[in-house]
Structures are given as structure tokens and as C-alpha cells.
Amino acid sequence: GGTAMAKEKHKDIVNVSHRGASGYAPEHTITSYQMGDKMHGEYIEVDLQMTKDGKLIAMHDETVDRTTDGTGLVKDYTLEQIKQLDAGSWFNEKYPQYANLDYAGLKVPTLEEVFQKFGKNAKYYIETKSPEVYPGMEKELLRLVNDYNINKNTLLVQSFSSLSLKTMNELDPSVKLVQLLSYKTNAVITDAEIAAIKQYAMGVGPNYTYLNQDYVQKVAGSGLAIHPYTVNDKETMKKLIDWGVTGMFTNFPDRLHEVMKGK
Ligand code: G3P
Ligand code: CA
């Protein structure tokens with residue numbers, strides 16, 4: 001019956017801790033990633049930026065302004081300079097209800113430190129951000145993945161840039177890729193678009209805002225994974241699962257876990 005079907009659908013949803021459990025802790029800190037793990041997030045989402053001296057760091061924005069006590073572009077900072085910044089206090093000021101003294105003074109992690117901390121069998125969902133600003137970013141990402149022997153069966157690389165994904169695909173066709181999409185109005189995707197994406201990617205990540213059931217069923221029916229971002233309330237999570245998404249990004253992996261448990 002309908003209930004059994006709904007339960008089946010909940011089982012295999014990929015729970016992605018978006019920037020870690022970033023609803024509860026400062027995004028893209030080791031603490032936030034650990035909390036994601038604890039809250040049953042399956043994948044750790046990592047956004048990448050690159051320093052002046054070519055080190056990949058976990059940060060969403062091209063500037064350090066929003067998520068640290070510094071100002072300016074990441075690409076103008078050496079890693080040593082980035083490491084002077086406080087990546088936690090902003091969160092305590094912005095979200096007093098979740099503030100924690102331990103967050104003050106947290107450091108920006110490098111991708112290398114993330115791999116060292118969580119190991120080769122953790123599931124990473126890594127985004128190449130602003131790849132046009134950082135030539136060589138894909139190659140450096142792949143170098144670290146190989147150096148740390150990261151399990152490629154459970155590695156996903158995502159980007160809004162199809163060029164960046166195609167570069168990854170050329171460098172190593174065994175790395176699984178997800179094409180991010182951003183819709184400003186009702187989401188529509190053509191058969192030709194789906195076929196083009198399938199040339200290099202195994203899935204898509206659209207913003208959930210303008211999705212509809214037809215879109216989700218068309219994409220999922222084509223064999224592509226579909227992981228909408230960034231879904232933070234349980235009602236929307238339930239609706240998207242009902243429509244047939246195969247996973248989603250959330251700042252609250254505990255909420256998605258509860259939904260998956262039928263709560
Ligand atoms: O990567 C999925 C989602 O995170 C894309 O948007 O801006 O949060 O990186 P953004
Ligand atoms: Ca992202």
C-alpha cells in the first residue's frame with residue numbers, strides 16, 4: 001500500500017551534511033563536519049577555494065568576510081595567513097541560540113586536513129567553487145584524493161561549472177560527478193539537457209525552490225541521481241522524497257534522518 005511505498009522511498013535517500021551540520025555549528029569547520037557525522041549525515045559536503053600559494057581550503061565564499069574575522073579574497077591570502085583567522089565567532093554572533101564558546105577561534109581547514117581527520121572511507125561530496133578563478137583546482141583536488149587514497153566509490157565531485165566537471169572527467173573518468181543547477185523560476189529540463197549531462201555526470205543538484213514532481217520524476221526516471229539543495233524543513237524533505245529525489249543537501253542532517261526513520 002501507500003504507506004509501505006513511502007517507507008521504501010525513505011530508505012535510500014542520500015543525507016548530505018551541507019557545509020557540515022551548518023545549522024548548528026560554523027560551516028566548513030572540522031567541528032561542523034563531525035557534528036554532521038554524529039547526526040547521521042552520510043556525506044560531508046565540502047566547498048573548495050584556493051589560497052595564493054595553491055592550497056585547497058574548505059570555504060564557501062571567494063572572500064573570507066562572511067565566515068571569518070578577516071576581509072578580502074581567499075586568493076590573496078597564503079594558507080599561513082588564512083590560518084590566523086577565526087572561523088567560528090561569527091556564528092556565535094549570528095546564531096546566539098546555537099552559540100558555543102568552543103566555536104570561537106576555530107580554524108579554516110584545508111582539504112588535506114579534512115581527509116586526514118575523516119579518513120579514506122568517509123563519504124565526501126566536494127564542490128569546485130569558482131574554478132575559473134583557480135586554474136589547476138581540479139588537478140590539485142585529484143592529487144589529494146589519490147594521495148590520501150580516498151575511496152572513489154563513495155566520492156562525489158559537484159560543480160555549477162560543467163567545464164570544471166568535464167575537466168575532472170578527463171583527468172580521471174572514475175570520479176563520479178554531479179552537475180549543480182540553479183533555477184530562478186519553475187524548473188524545466190529537456191531530454192537533450194539530460195542526455196548532455198549524462199555524458200559526464202551521474203546526477204544533478206538543483207535548488208529545491210522551483211522543483212515540481214514532473215521534473216523530479218523525469219530526471220530520476222532517466223537514471224540520473226537528483227540531490228536538491230538546501231532543504232532544512234521536514235515538510236519539504238517529505239514532499240521531495242515523495243516526488244522521488246534520491247538524496248538532498250541539508251544544514252540539519254538530524255532532521256532528514258528523522259524523516260528517513262518515518263518521524
Ligand atoms: O552544493 C550544493 C549547494 O551547496 C550549492 O549551493 O551556494 O550552497 O554551494 P551553495
Ligand atoms: Ca556547495
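The values are calculated or read from the model by the stated rules, or taken from the named source; none is laboratory data. Everything numeric in this text was worked out from a predicted model, so none of it was measured. Cβ coordinates were reconstructed from backbone atoms using ideal geometry, including for glycine residues, and neighbour counts include every protein chain displayed. Note: accessible area is taken over every heavy atom of the protein model, side chains too, but ligands, DNA and RNA are not part of it. Shrake-Rupley method; radii C 1.70, N 1.55, O 1.52, S 1.80 Å.
For Tyr125, the conditions (1) within 17 Å of the chain's Cα centre (by Cα); (2) within 11 Å of Gln49 (Cα to Cα) are fulfilled apart from (2). Figure legend. Inter-residue proximity from the stretch 117-137: first residues of a type in the set (A, V, I, L, M), second residues part of a loop (DSSP other than H, G, I, E, B) and within 15 Å of ligand 1 (Cβ to nearest atom), beta-carbon distance below 8 Å, spacing 6+ or different chains. Indicated pairs: Val133/Glu62; Met137/Pro131.
A residue that is closer than 27 Å to Asn15 by Cβ, away from ligand 1 (no atom under 16 Å from the Cβ) and without any contact (Cβ under 8 Å) to a residue 60 or more places away in the chain cannot be found anywhere in the stretch 155-165. May I ask you to verify whether Leu73 is more than 26 Å from Leu101 (Cβ to Cβ), modelled with pLDDT of 95 or more, of a type in the set (A, V, I, L, M) and away from ligand 2 (no atom under 16 Å from the Cβ)? The answer is yes for Leu73. The C-beta contact set for the stretch 75-93 (first residue in contact (Cβ under 8 Å) with a residue 40 or more places away in the chain and closer than 13 Å to Met59 by Cα, second residue open to solvent by 90 Å² or more (accessible area, probe 1.4 Å) and of a type outside the set (Asp, Glu), distance under 9 angstrom, 6+ apart or interchain) comprises Lys75/Lys52; Ala87/Lys107; Gly88/Lys107.
For the criterion of being among the aliphatic types (A, V, I, L, M) and within 15 Å of ligand 2 (Cβ to nearest atom), Val46 passes. Does Tyr33 satisfy the condition of being modelled with pLDDT of 95 or more, among the aromatic types (Phe, Trp, Tyr) and farther than 23 Å from Gly205 by Cα? So Tyr33 does not fit the description; no. The residues in the stretch 115-135 that are open to solvent by less than 40 Å² (accessible area, probe 1.4 Å), within 15 Å of ligand 1 (Cβ to nearest atom) and closer than 15 Å to Leu155 by Cα can be counted, and the count is 5.
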